[in-house]
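Working notes, beginning with the structure itself.
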């Protein structure tokens, strides 16, 4: 057993939101530590005095925890190992559980001893724009560079095995979605829910309360934490309210559609295996209330990245919420009153406050007085210009600052401390409103970007709207909650808007400082870090400006500012401010980069949800599918359908099975499941006219009981679908479509029926699923059918080719069509799908004396190719007219109304003699197979690039002929019968073939007409 | 005993409903029970029961045409639901559904009936002297009743469909709400029943996918797929 590494030296016993009676063991970079239930990985590491949690991206500088939430740039960890590993989590967001294993993603070979930092030249090697300048040429070397950079920078490792976890999605509908369960969000939710509206409230943290979880304030005389508890109880009781903790709204999309990811099991560790790990809530809300709060802005000064420099609010959070004091001697550096609370909290925890360094002069006001009253030294008009230390801050260089805050105007003194809490003000968390396309607007009075107008129905409330006082947030939340409900039709009761008694000190205006000056100039001073995750320094922004960049979007890409997994949550505003300062422009002129989803990284597993494995794509099965499975069929995907491909016996290969099946159909009888064919029932007084307009031929004269082959064209005159259509009765037709074309054909018919020809009285209904279809084909098929068929004569005189009859087969009502796709005598039997297997099995029984052979799509393809029947989509490609395919006989140009595509057929290009035309191909060297897709040329001696004259569309070995046959299209093919064409192969071989008629088998149709 | 249109009764006729191969399957939440002998449905908070094979007729007609609208109500003894997203039904003896008529679109309805399809079709066609279309689609779809713990059913529906069933008013014995919507990556006609359960109408060729999806979506609660109640 690995001994616990260190005691929790920074854990203070306080009234914190952790359970000190439940110790939790965890591992960080291989060392064993202990924390408590309720800790995050970050709070537990700080409790254990772990200073260095990672190494920086470019310069490999030691880095410590800066913040306490999604904004964390440094504490990026890889959790677990093997197939359960998760890269790039922020330690500030990882809840502690027993046995948790975490490793820094940065740092090679490890964070304490870092090989890279030895190389002093490394920083010089990677100036801004480094990637563009160094790695972009030669382009093919990027793969080599990338490996090196990833390893050195440490971007986390993806799991290489199958993810054993399960993820799902819920579609949620609500009147009001509240994002953020801080004081304003919770109140908004309560007030909205009181009107009867359906409310969903989500928060990314493990518990609701937001800033109140780390507050020492009282509301209406009770402690903030108790106030939260009471409100929680009220929300829980209301069944209109769905509360989702550990749930991040990561994307705000059109029409008030918000994606929320709920982390359901990560905090439970291994004990939760088998449950859904993460669930995406696809929330559609009538109103969205954003109560996402604000992020504190760090101050940019020299060596501000040394472990021990933290956000002021984060210091308070660790202290009050987690009972962790991340140091001993605090120096607070602030530009505003708000951060004074951190010094007061620290003082009250019994630890030393070295001083408050405030950039503002002539301080006064309640916060200032409160600090002074505690005896805390306040250095007004001063700044921390540099932090000193190696793996931990040991002192700060402090100097007097000019009134504008842009120059040092006094001597530098050194103050010993091990923790610098800093606050440069706050930035409203407006990411989600920005997702909707709303442009952030700079607000001078709060020194931050606020949301501009949005096209979505969203309301901002509390700190994310620039309201930073607790009193204001509570009142704002209550008001917006009511207003949101009212705007979607809920009645607000006459109850007065609640008022709150909050013990809150008034705050005076802040000063805005984006870059703290140093006694040396910006380029000679030690680095001041703007973006810690990607090591973007203030001087690299200066270099970019010197090189001529002005747009913030260009600066971002040139320096990588805000490109990390934290998306610049702490760095963007400072970067923009520094750029504005350097260009001598206002921040409004510079503008901001755009925030895009996801707010925080989201797992691929969650995005995939349940659409994995067998559920990835629906498999459509016929009613006879189980029989095929039980009888060893191999299946082929045709669209979403599974169709039997061939039925191998014992040790048969595919070729052998197909050969056997082909011969059986030609000489005996075969049986095919054709249920997947599209079937559309068409009824109405104008049905025949309608069909005559969508098919190239006429259906006005088709009598009941008869079938006709038809071809459908798009407006461009190109073949779109084909099939047989039968007249079932007066004004009643059944249209067969190809398997893959069924849905498009129905949509096509509806398009014309509804939008162009509404005067035609006709209805179309899909009956594809209703009818099972079984095809008997071969010279023995009549005998097989006769044995089980009652009610009709099957002989050729009473039931000729291209007609249909009602019949009773094996006791079931069925409909028989004499149509053939093989060229043999065929009966296509339709029956309600409930009885499809019954009839199939009856036919298998009655066919036994004839060795009836089930055949699949492969055999069907071979047989139809022998017969020269095209397959739409295989032999055609959307550029073939019926004339090109030798189907001129099916085009009736004398129809009164015309038909779809007719006009296009007369365009000059369509009449060219050298259009590609459908022909058969017979290889000269009898045993050679032409590959499908092979290009055909006339002159094998031609220089490359050769002029391509056509291509092979279908190619099979024909068991009926004992040699390969192929179909193809070739320029002017109809007038080239008997000519030789060539098909060059990738290996240099050239296959020569003779152009022949596309009908190889039974040209006069004698065999299907018997 | 089977009721089916266009079919002569015959004892050895095999009739397979779309979900026939899934009857008596279950997926259980492992934390609920590991007892393989536990009876089906006993530890399932959700039960999906395929209903009897019935006659399913697709009706097309003009909702403005009194010949069609009045004719339907005279022949079927129930009025045509004209309001979008509603269905009407008649409960017969033993509180079994006798027939239901669902609104599918402005000119399209679905009739599910325990009468023989052939007779119904003929009766409707001969009586309604209007431009109508009556199409037997009985073989192409099946009705599945989803019952059990309401919270669990709601979650299963939320996993499966983008539709907001939460805004539906409760159904009565004479009808309720219905919607054709997505179900996983296929579609379903979903309707609510007076007993709090839901009926799902799914297409035959997608029935296997539907069943796999349902077993997966209900796994956290324990779910069983059963055949019709013996009559």
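The values are calculated or read from the model by the stated rules, or taken from the named source; none is laboratory data. The structure displayed is predicted, hence computed values, not measured ones. Ideal geometry is used to build each Cβ from the backbone, glycine not excepted, and the neighbour counts take in all protein chains shown.
Table: residues versus (1) modelled with pLDDT of 95 or more; (2) part of a loop (DSSP other than H, G, I, E, B).
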residue: B:33; (1), (2): no, yes
residue: B:38; (1), (2): no, yes
residue: B:75; (1), (2): no, no
residue: B:78; (1), (2): no, yes
residue: B:87; (1), (2): yes, no
residue: B:111; (1), (2): yes, no
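If I ask for residues that are within 9 Å of chain A (Cβ to nearest Cβ) and either closer than 16 Å to residue B:140 by Cα or touching a helix residue (DSSP H, G or I) at 6+ places or on another chain (Cβ under 6 Å) (or both), which ones from region B:214-231 would you list? If the condition is that a residue be within 9 Å of chain A (Cβ to nearest Cβ) and either closer than 16 Å to residue B:140 by Cα or touching a helix residue (DSSP H, G or I) at 6+ places or on another chain (Cβ under 6 Å) (or both), then B:217 is the only one that fits. Here region B:127-140 is the region considered, the condition is being in a strand (DSSP E or B) and over 16 Å from residue A:813 (Cβ atoms), and the residue that is nearest to the other protein chains (Cβ to nearest Cβ) is B:133.
Hey, any hits in region A:625-638 for a residue that's assigned to a loop (DSSP other than H, G, I, E, B) and surrounded by 18 or more Cβ atoms within 10 Å (Cβ to Cβ)? Yes, region A:625-638 contains a residue that is assigned to a loop (DSSP other than H, G, I, E, B) and surrounded by 18 or more Cβ atoms within 10 Å (Cβ to Cβ).
Only one of the listed residues (B:124, B:143) is under 30 Å from residue A:732 (Cβ atoms), in a helix (DSSP H, G or I), touching a residue at least 12 places away in the same chain (Cβ under 8 Å) and away from chain A (no Cβ under 12 Å). That residue is B:124.
Condition check: surrounded by fewer than 19 Cβ atoms within 10 Å (Cβ to Cβ) and away from chain B (no Cβ under 14 Å). Does residue A:798 satisfy that? So residue A:798 fits the description; yes. Scanning region B:14-27 for residues that are facing chain A (nearest Cβ under 8 Å) and either in contact with a strand residue (DSSP E or B) (Cβ under 6 Å, 6 or more places away or on another chain) or at pLDDT below 50 (or both) returns B:17, B:18.
Scanning region A:591-637 for residues that are modelled with pLDDT of 95 or more and more than 28 Å from residue B:156 (Cα to Cα) gives A:624, A:627, A:628, A:629, A:630, A:631, A:632, A:633, A:634, A:635, A:636, A:637. Restricting region A:395-431 to residues that are part of a strand (DSSP E or B) and in contact with a helix residue (DSSP H, G or I) (Cβ under 8 Å, 6 or more places away or on another chain), the residue that is farthest from residue A:51 (Cα to Cα) is A:428.
The numbered conditions (1) under 28 Å from residue A:668 (Cβ atoms); (2) within 14 Å of chain B (Cβ to nearest Cβ) are all true for residue A:852 except (2). Restricting A:788, A:784, A:774 to those that are modelled with pLDDT of 95 or more, in contact with a strand residue (DSSP E or B) (Cβ under 7 Å, 6 or more places away or on another chain), buried (at least 24 other Cβ atoms within 10 Å of the Cβ) and more than 23 Å from residue B:205 (Cβ to Cβ) reduces the list to A:784. Remark: residue A:743 matches the filter, which requires a residue to be within 14 Å of another protein chain (Cβ to nearest Cβ), assigned to a helix (DSSP H, G or I) and farther than 30 Å from residue B:122 by Cβ. Looking across region B:211-230, the residues that are outside any loop (DSSP other than H, G, I, E, B) and in contact (Cβ under 8 Å) with a residue 12 or more places away in the chain come down to B:211, B:213, B:214, B:215, B:216, B:217, B:223, B:224, B:225, B:226. Within region A:604-624, being out of contact with any helix residue (DSSP H, G or I) (no Cβ under 8 Å at 6 or more places or on another chain), surrounded by 18 or more Cβ atoms within 10 Å (Cβ to Cβ) and in a loop (DSSP other than H, G, I, E, B) holds for one residue alone: A:609. Within region A:760-794, being assigned to a strand (DSSP E or B) and within 14 Å of another protein chain (Cβ to nearest Cβ) holds for A:763, A:764, A:765, A:766, A:771, A:772, A:773, A:774, A:789, A:790. Within region A:515-528, the residues that satisfy the criterion of being within 16 Å of residue A:408 (Cβ to Cβ) and in contact (Cβ under 8 Å) with a residue 60 or more places away in the chain are A:515, A:516, A:517, A:518, A:519, A:525, A:526, A:528. Would you be able to say whether some residue in region A:817-829 is touching a helix residue (DSSP H, G or I) at 6+ places or on another chain (Cβ under 6 Å), over 28 Å from residue B:139 (Cβ atoms) and either in the same structural domain as residue A:1005 (by TED's automatic domain parsing) or not in a helix (DSSP H, G or I) (or both)? Within region A:817-829, one or more residues are touching a helix residue (DSSP H, G or I) at 6+ places or on another chain (Cβ under 6 Å), over 28 Å from residue B:139 (Cβ atoms) and either in the same structural domain as residue A:1005 (by TED's automatic domain parsing) or not in a helix (DSSP H, G or I) (or both). Within region B:164-203, if we keep just the residues that are over 21 Å from residue B:97 (Cα atoms) and buried (at least 20 other Cβ atoms within 10 Å of the Cβ), the residue that is farthest from the other protein chains (Cβ to nearest Cβ) turns out to be B:183. Whether any residue in region A:906-920 is more than 27 Å from residue A:711 (Cα to Cα) and part of a strand (DSSP E or B) is what I want to check. The answer is no, given that none of the residues of region A:906-920 is more than 27 Å from residue A:711 (Cα to Cα) and part of a strand (DSSP E or B).
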